[in-house]
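Visitor: Just passing along the structure, written as structure tokens.
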Amino acid sequence: MLYLKTCLNVCRRCFIEKSLWKRGLLLKVSSYLSRTNLAHQKILSPIPHAWKGGVFLSQFLYCPAAFIRCGGVRGLFGGGHGNVRQQTLDDIAENIRERKFKRIMVMAGAGISTPSGIPDFRTPGSGLYDNLQQYDLPYAEAIFEINYFHHNPNPFFALAKELYPGTPLFLRVYFIRLLHDKGQLLRMYTQNIDGLEQMAGIPSNMLVEAHGTFATATCTVCRRDYKGEELRNDIMEGKIPKCPTCKGIIKPDIVFFGEELPQQFFTYLTDFPIADLLIVMGTSLEVEPFASLAGAVRGSVSLLLINRDLVGPFAWGSQRHNDVAELGDVVSGAKELVELLGWKQELEALMNVGGDKVSCNQSLFLHI
């Protein structure tokens, strides 16, 4: 207990100084703790086997950035190495196909949306943060800071034209939809705000949009709710959407730096302790507290990374025997996994039902 208290104190100080203070989130997280401690107990009480992991995780609400560094639940419960064979993508596919994995968690970032024509944030040269000079910002991240938005909303709404969901190809999420249809998806946690997951048919109760969504919006003054489609015309015409009731600015329900996370995000307290496979796709795992979730599964749980670079637990230490990293573009990695699963025909049928009449050989693996 003394070790745990010491570790928590160090982690809290580290994160507060290095992350919360820089982003103006300190007061938000501190106030959120007071409202969620009792909620955590109520959420976890019906699930005794998730209690220990949940309590441990709840301590890191002050310090999610340090979660991976301190090992998280994976570090707490170990994982071991020994003289065992390194698992491969074939092994992961076989275990999914034979339903040995029944509670699969998926974490996804912008890397799974870029093939659909939606830009990501941090890719050098092409990412949004490298192409914001025209907005005359004090620094790139200001465009997504709530205090700056209240001061000057024009840059955000100018950029929103590029971010606003249209009718892009979103076939890459049909793999996750199929996991759900087969009853093997525990939940999907996404950093994306484009709403493509719901467009592909993943039910909202199986989805945690950690950074919010363009699908809904709220007046910043009277708090009236709007559908995202009601803002589309104004945004595409370069206008700032205004509430007809109070003339306040209507803001899409995406989470800005300085805002509280959606309440649904905290279902991770019960999800991650019971997961039996974690798939991480197309993310840099740099934005907290989402990034730290990758370290929240039990030490015995396999982790599959389909990504351009090593991130999260893979980047912090040596690879464990039951983890698999499929490096390269997300399209190629997803293509190989689908082929190993033998799900090409099922995916094609699923897309045809949705109206996407494409050849699996010609189009699926260009945009998955």
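Visitor: Quick check on segment 163-283: take the gyration tensor over C-alpha atoms, sort the square-rooted eigenvalues as a ≥ b ≥ c, and tell me if it's rounded (a/c under 1.5), prolate or oblate.
Guide: prolate
Visitor: Something else about it: List the residues, sorted by chain then number, that are 5 or more residues from Ile279 or on another chain and whose placed amide H is less than 5 Å from its amide H.
Guide: Met105, Val106, Met107, Leu304
Visitor: Roughly how many percent of the accessible protein surface of segment 147-252 is carbon and sulfur, given a 1.4 Å probe and a whole-percent answer?
Guide: The value for segment 147-252 is 48 percent carbon and sulfur by accessible area.
Visitor: What are the residues whose amide H is under 5 Å from the amide H of Thr216, where those residues sit 5 or more places off or on another chain and H is modelled from the backbone?
Guide: Gly228, Asp253
Visitor: Spelling out what I want: for every residue of segment 242-259, take phi, set θ = phi - 60°, compute 6.51 cos²θ - 1.76 cosθ + 1.60 (Karplus), and round to whole Hz; glycine and proline get x.
Guide: 10, 6, x, 7, 10, 6, x, 6, 8, 10, x, 7, 8, 8, 8, 4, x, 10
Visitor: Count neighbours as other Cβ atoms within 10 Å of each site's Cβ, and list the GluC sites (Glu not before Pro) in segment 212-305 that are DSSP loop with at most 16 such neighbours.
Guide: Answer by residue number: Glu237, Glu260, Glu286.
Visitor: Too long at a 26 Å Cα-Cα cut-off: which of Lys161/Lys182; Lys251/Lys335; Lys161/Lys247; Lys102/Lys227?
Guide: From the list (Lys161/Lys182; Lys251/Lys335; Lys161/Lys247; Lys102/Lys227), the Cα-Cα distance tops 26 Å for Lys161/Lys182; Lys251/Lys335; Lys102/Lys227.
Visitor: Still on this structure: What shape does segment 205-349 have by the C-alpha gyration tensor, where a ≥ b ≥ c are the square roots of the eigenvalues, rounded means a/c under 1.5, and otherwise prolate means a/b greater than b/c and oblate the rest? List each step's numbers first, then the result.
Guide: Working: a/c = 2.55, a/b = 1.86, b/c = 1.37.
Judged from the Cα gyration tensor, segment 205-349 comes out prolate (a/c at least 1.5, a/b above b/c).
Visitor: From the Cα gyration tensor of segment 199-258, with a ≥ b ≥ c the square roots of its eigenvalues, which class applies: rounded if a/c is under 1.5, or else prolate if a/b is larger than b/c, or else oblate?
Guide: Values: a/c = 2.09, a/b = 1.64, b/c = 1.28.
Prolate, because a/c is 1.5 or more and a/b exceeds b/c.
Visitor: May I pose another question? Can you run phi through the Karplus equation (6.51, -1.76, 1.60; θ = phi - 60°) for segment 147-153 and list ³J(HN,Hα) in whole Hz, with x for Gly and Pro?
Guide: Result, rounded to whole Hz: 5, 5, 4, 5, 6, 8, x.
Visitor: Counting other Cβ atoms within 10 Å, which trypsin sites (Lys or Arg not before Pro) in segment 173-240 have at most 16 and lie in a DSSP loop? Provide the component values of the computation, followed by the final result.
Guide: On the way: sites: Arg177, Lys182, Arg187, Arg223, Arg224, Lys227, Arg232, Lys239; in loops: Lys182, Arg223, Arg224, Lys239.
Answer in residue order: Lys182, Arg223, Arg224, Lys239.
Visitor: Counting heavy atoms of the protein chains only and a 1.4 Å probe, report the per residue accessible area for segment 190-292 as a whole number of Å².
Guide: Value for segment 190-292: 37 Å² per residue.
Visitor: For a quick check: with amide H placed at 1.01 Å from N, whose amide H comes under 5 Å from Arg224's, ignoring anything fewer than 5 positions away on the same chain?
Guide: Long-range HN contacts for Arg224: Cys219.
Visitor: Let me ask something else about it. How much accessible surface does His150 have with a 1.4 Å probe, in Å² rounded to 10?
Guide: Number for this one is 110 Å².
The values are calculated or read from the model by the stated rules, or taken from the named source; none is laboratory data. The structure displayed is predicted, hence computed values, not measured ones. Cβ: placed from backbone, ideal geometry, glycine included. Neighbour counts: every protein chain shown. These area figures cover heavy atoms from the full protein model, side chains too; ligands, DNA and RNA do not enter into them. Shrake-Rupley method; radii C 1.70, N 1.55, O 1.52, S 1.80 Å.
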